[in-house]
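So the structure is just underneath, and the comments pick up after that.
The values are calculated or read from the model by the stated rules, or taken from the named source; none is laboratory data. What you see is a predicted model, and the numbers here were worked out from it, not measured in a lab. All Cβ positions, glycine included, derive from the backbone under ideal geometry; neighbour counts span all protein chains shown.
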Amino acid sequence: MHNATPASIPVIAIDGPSASGKGTVAELVAAKLGFHYLDSGALYRIVALAAKQQNIAWDDALAVAECAKTLAIEFKNSQVFLNGVDISEAIRTEEMGKGASRVAVHATVREVLVDLQHSFCKTPGLVADGRDMGTVIFPNAPLKIFLTAATEVRAQRRYLQLINKKAAGDDTQVSYADILQDLQERDARDQGRASAPLIKAEDAILLETDNLGISQAVEYILQNYQLITNF
Ligand code: CDP
């Protein structure tokens, strides 16, 4: 069932831990190629938000999965709608990032989201960003990238992102120490879970971005894509 996408549609799977730059890189690669883009993390964030709105505990696997089944999720341009309501901002909080990683440990919840993720695989192609794109959701993807960086580098990036958000009027308190701790907890939960843990697919290319800018990472992925399409 996890191989249910047409082999003729190219998929570039980009996996990696939080704040590795995956999202930005994946979106730019998709734009360059004119491909569709799947932000699979957004789906887990939406489930966390919906569960919270319905007073369902994130650790209640069955109730969260039932809740996930009922959601009408729609992506339009760069906005996300849940049951017709624009929740693009609401899912981007640190709380929902944490909630996403809590609901994402449940195999039952992950299973509910499989078909929706496959539905993004349309011509001319897809760039899929997440934790298990290359291992579970699109195991036949012709190009798989595992994007990562040292925890401290990622925490520093997330810190700068949040400081910028704060400068734009967000009044959430930001502390580097809290962010680092949160990232470490999230990494441990993502890597340690039994269902679809965060792991580099055997056939994925490891791309360490500690000293690599966004545009260099994008260029590297595009070059690798060109290599496989020229065969
Ligand atoms: O923005 P950030 O990288 O922190 O997170 P995200 O990509 O929005 O994903 C939020 C959480 O959802 C992650 O910490 C994972 O626990 C979970 N997730 C997952 O389990 N599988 C995916 N394919 C994508 C995200």
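Looking across the stretch 88-144 at every residue that is aliphatic (A, V, I, L, M) and in contact with a strand residue (DSSP E or B) (Cβ under 6 Å, 6 or more places away or on another chain), the one that is farthest from the ligand (Cβ to nearest atom) is identified as L143. Each residue in the stretch 16-36 was checked for being within 13 Å of the ligand (Cβ to nearest atom) and touching a strand residue (DSSP E or B) at 6+ places or on another chain (Cβ under 9 Å), and 9 of them qualify.
So that you can scan it fast, the table gives a plain yes or no per residue for (1) out of contact with any Gly (no Cβ under 6 Å at 6 or more places or on another chain); (2) within 26 Å of S101 (Cα to Cα); (3) more than 15 Å from the ligand (Cβ to nearest atom); (4) not polar (S, T, N, Q):
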position: R193; (1), (2), (3), (4): yes, yes, no, yes
position: I199; (1), (2), (3), (4): yes, yes, no, yes
position: I205; (1), (2), (3), (4): yes, yes, yes, yes
position: N230; (1), (2), (3), (4): yes, no, yes, no
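If you filter the stretch 182-196 down to residues that are acidic (D, E) and more than 23 Å from F138 (Cβ to Cβ), you find that the one that is surrounded by the most Cβ atoms within 10 Å (Cβ to Cβ) is D182. Within the stretch 197-225, restricting attention to residues that are crowded, with 18+ Cβ neighbours inside 10 Å and in contact with a Ser or Thr (Cβ under 7 Å, 6 or more places away or on another chain), which residue is nearest to G130 (Cα to Cα)? Applying the filter and picking the extreme gives A201. Among the residues of the stretch 10-25, are any at pLDDT 95 or above and surrounded by fewer than 19 Cβ atoms within 10 Å (Cβ to Cβ)? Checked the stretch 10-25: no residue is at pLDDT 95 or above and surrounded by fewer than 19 Cβ atoms within 10 Å (Cβ to Cβ).
Conditions tested, residue by residue: (1) part of a helix (DSSP H, G or I); (2) closer than 18 Å to R158 by Cα; (3) touching a Leu at 6+ places or on another chain (Cβ under 9 Å); (4) touching a residue at least 24 places away in the same chain (Cβ under 8 Å).
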{"position": "D182", "(1), (2), (3), (4)": "yes, yes, no, yes"}
{"position": "R186", "(1), (2), (3), (4)": "yes, yes, no, yes"}
{"position": "A196", "(1), (2), (3), (4)": "no, no, no, yes"}
{"position": "D203", "(1), (2), (3), (4)": "no, no, no, yes"}
{"position": "N211", "(1), (2), (3), (4)": "no, yes, no, no"}
{"position": "I221", "(1), (2), (3), (4)": "yes, no, yes, yes"}
{"position": "Q226", "(1), (2), (3), (4)": "yes, no, no, no"}
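Just one of the numbered conditions (1) touching a Lys or Arg at 6+ places or on another chain (Cβ under 9 Å); (2) touching a residue at least 60 places away in the same chain (Cβ under 8 Å) is not true of T123: (1).
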